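A.B. asks: This structure is in structure tokens; I'll ask about it shortly.
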Amino acid sequence: MKSNFRKRLLQGDRLTGTIVSLPCPQIAELLSRSGFDWLFIDGEHGCLSVGDIQLLLQAAQPQCPCVVRVAANHEVYIKQALDTGADGVIAPLVNDAETAARVVAWARYPPLGKRSVGIARAQGYGFAFADYVNRANTDVAVIIQVEHVDAVANIASILDVAGIDGVFIGPYDLSASMGKPGDINDADVRHQIETVRQACLERRMALGIFGVDAAAVQPFIRQGYTLAAVGMDTLLLGQSARLVLSALKP
Ligand code: 3PY
Ligand code: MG
């Protein structure tokens, strides 16, 4: 809800988060108290309804900012995610400037955009309405995902769109768009990622990426990426289960 996530993103602070994909508020709460700078609530690939997303936010905020990746680039998903009280939205598969401009408009109240006005959790169910509406355009982060070769080809015009606060690379979808799903270390995929990095760094645009573990994101952090989503709830659970077992098994 009230957080300095966007401010920290814009000033280039290192923000390390993890993906929450399970509709379990207890897990979101646990992760929110584990030292992450933010939680990436996955409404695209996670099994999360808008009601689930709100329950996760109720468990994890205010101790940890929550940014919701919406299911698709659609006004309804964006306004619902923001009305649950998300500290920002991540829009998947933004492949051109027109899509980027629509995402920004749906996430910003007039006069900056076209966000529809609700009376929901974000607005204190009406009892913090003016406070929220007055600060939402300043506090809500708008992050777009560059994760398709078309987006890389259009990166300059996408970054020209006013109102984008950060770019988050999706290496898996990017590799899929090149006919190599999951081959994120392939030289051509890496070349595309590097093109995006250079364009973002030139414009001082906050840049983020997902990696399944610390080793996967570490090289990117060294290259100037400030936003990272490392692993996800399911992986963290499965990895620690396997670790305990491997320590005990002969
Ligand atoms: C991808 O790699 O495609 C992602 O969206 C990671 O979040
Ligand atoms: Mg993706």
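The values are calculated or read from the model by the stated rules, or taken from the named source; none is laboratory data. Everything numeric in this text was worked out from a predicted model, so none of it was measured. Quick reminder, even Gly has a Cβ in these numbers, built from the backbone with ideal geometry, and neighbours come from all protein chains shown.
A.B. asks: Anything in segment 10-56 that is of a type in the set (D, E, K, R), in a loop (DSSP other than H, G, I, E, B), touching a residue at least 40 places away in the same chain (Cβ under 8 Å) and surrounded by 16 or more Cβ atoms within 10 Å (Cβ to Cβ)? List them, or say none.
C.D. replies: GLU44
A.B. asks: Now for a different question. What is the number of the single condition among (1) loosely packed, with under 13 Cβ neighbours inside 10 Å; (2) in contact with a helix residue (DSSP H, G or I) (Cβ under 8 Å, 6 or more places away or on another chain); (3) on the phi < 0 side of the Ramachandran plot that GLU194 does not meet?
C.D. replies: Here GLU194 clears every test but (2).
A.B. asks: Could you count how many residues in segment 222-247 are within 16 Å of ligand 1 (Cβ to nearest atom) and hydrophobic (A, V, I, L, M, F, W, C)?
C.D. replies: Looking only at that region, the number is 7.
A.B. asks: In addition: Out of (1) outside any strand (DSSP E or B); (2) surrounded by 13 or more Cβ atoms within 10 Å (Cβ to Cβ), the odd one out for ALA215 is which?
C.D. replies: (2)
A.B. asks: Filter segment 51-90 for residues that are touching a Lys or Arg at 6+ places or on another chain (Cβ under 8 Å) and within 16 Å of ligand 1 (Cβ to nearest atom); which is modelled with the lowest pLDDT?
C.D. replies: By that ranking, first place goes to ASN73.
A.B. asks: Name, by its number, the condition in (1) at positive phi; (2) surrounded by 14 or more Cβ atoms within 10 Å (Cβ to Cβ); (3) of a type in the set (D, E, K, R) that does not hold for ASP233.
C.D. replies: (1)
A.B. asks: Quick check on VAL189: is it in contact with a strand residue (DSSP E or B) (Cβ under 7 Å, 6 or more places away or on another chain) and buried (at least 18 other Cβ atoms within 10 Å of the Cβ)?
C.D. replies: no
A.B. asks: Here's another thing I want to ask about it. Name the single residue, out of those in segment 193-207 being assigned to a helix (DSSP H, G or I), in contact with a strand residue (DSSP E or B) (Cβ under 9 Å, 6 or more places away or on another chain) and not small (Gly, Ala, Ser), that is farthest from PHE40 (Cα to Cα).
C.D. replies: Applying the filter and picking the extreme gives LEU201.
A.B. asks: Can you give me the number of residues within segment 155-180 that are within 21 Å of the chain's Cα centre (by Cα) and without any contact (Cβ under 8 Å) to a residue 12 or more places away in the chain?
C.D. replies: 1
A.B. asks: Looking at ASP87, ASP83 in this structure, which one is surrounded by 22 or more Cβ atoms within 10 Å (Cβ to Cβ), of a type in the set (Asp, Glu) and under 24 Å from CYS24 (Cβ atoms)?
C.D. replies: Numbers: ASP83 fails: surrounded by 22 or more Cβ atoms within 10 Å (Cβ to Cβ).
On inspection, the qualifying residue turns out to be ASP87.
A.B. asks: A follow-up question, please. Filter segment 131-186 down to residues that are in a loop (DSSP other than H, G, I, E, B) and within 13 Å of ligand 2 (Cβ to nearest atom) and give me whichever is surrounded by the most Cβ atoms within 10 Å (Cβ to Cβ).
C.D. replies: That would be GLU147.
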